[in-house]
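Report on the following structure.
Read-outs: derived from the displayed coordinates by stated rules, not from any lab. The shown structure was predicted, so the numbers you read here are calculated from the model rather than taken from an experiment. All Cβ positions, glycine included, derive from the backbone under ideal geometry; neighbour counts span all protein chains shown.
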Amino acid sequence: MGTISAVNVTVDISYGSGKTARFTNQILITPGSFLGAGDSGSLMVEDVDTAPQAVGLLFAGSSSVAIANPIGAVLDAFGVTMVGSVPQARLVDKIRSWAKNLFQISESHAASAQLPTHVNPAAVDAVRRVKERHEARLLAIPGVVGLGVGRSERVIGQAAIEIYVKQATSSLRQAIPDSLEGVEVKIVETGEIQAY
């Protein structure tokens, strides 16, 4: 079991021997133990007990995060559909709903889950656009391995830009702004993200 922590993720994946590949529009899942060595190609499914739906195809991770391709992109790339799956248009709606719910349901570390206020999908899209405008500059900072759109730590129910770093050093923290165009920026230490 894991939690979808960010969407619209751009991430540099290490393939060893100094080789990396950049992936865009990915899904970030926590904890990192959600994916292990040899799990690349595993199907990520939601609502397993009630109405299982494919969400993504897992392929990379670190000790703290896992990365998946959105299932719609995988199906489109191969020109296929899931056997017994919902029609593609309904699947896209399901993925949009799932992404919207990312910002509605907090992780429960207590006996009962807290439900923060709803985030307007237009606001999430606005954060995505800000992220994309600054992406090239931020990815050029040594030690930054990716960016995504996740939950705000400052305002319940709001979106923020997440910056994924190998190690959150003080010099790296100084190089990354606290906000961009009024959007919260938070640093997430992931370590090197590797292909599994």
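Spin-label pair Glu192-Ser63: with each label point 7 Å from Cα along the Cα-Cβ axis, the two points sit 1.4 nm from one another. Inter-label distance, Arg154 to Thr169: 2.6 nm, where each label sits 7 Å from its Cα along the C-beta direction. Protection proxy ranking, highest mean first, for peptides 137-147, 61-71, 40-50: 61-71, 137-147, 40-50, where packing is the per-residue count of other beta-carbon atoms within 10 Å, averaged.
Any chance you could run the full-extension gain for Ile141 through Ser33? It's 0.36 nm times the residue separation minus the Cα-Cα distance, nm to one decimal. Before the final figure, lay out the partial values.
Numbers: separation 108, 0.36 × 108 = 38.88 nm, distance 2.73 nm.
Fully extending the segment from Ile141 to Ser33 adds 36.1 nm.
Of the peptides 17-26, 123-132, the ranking by mean beta-carbon count within 10 Å, highest at the top, reads 123-132, 17-26.
What the Cβ-Cβ distance of Glu181 and Phe23 gives, at R0 = 30 Å and to the nearest 0.05, is a FRET efficiency of 0.75. Using R0 = 22 Å, the C-beta based FRET efficiency linking Asp47 and Met82 works out to 0.95.
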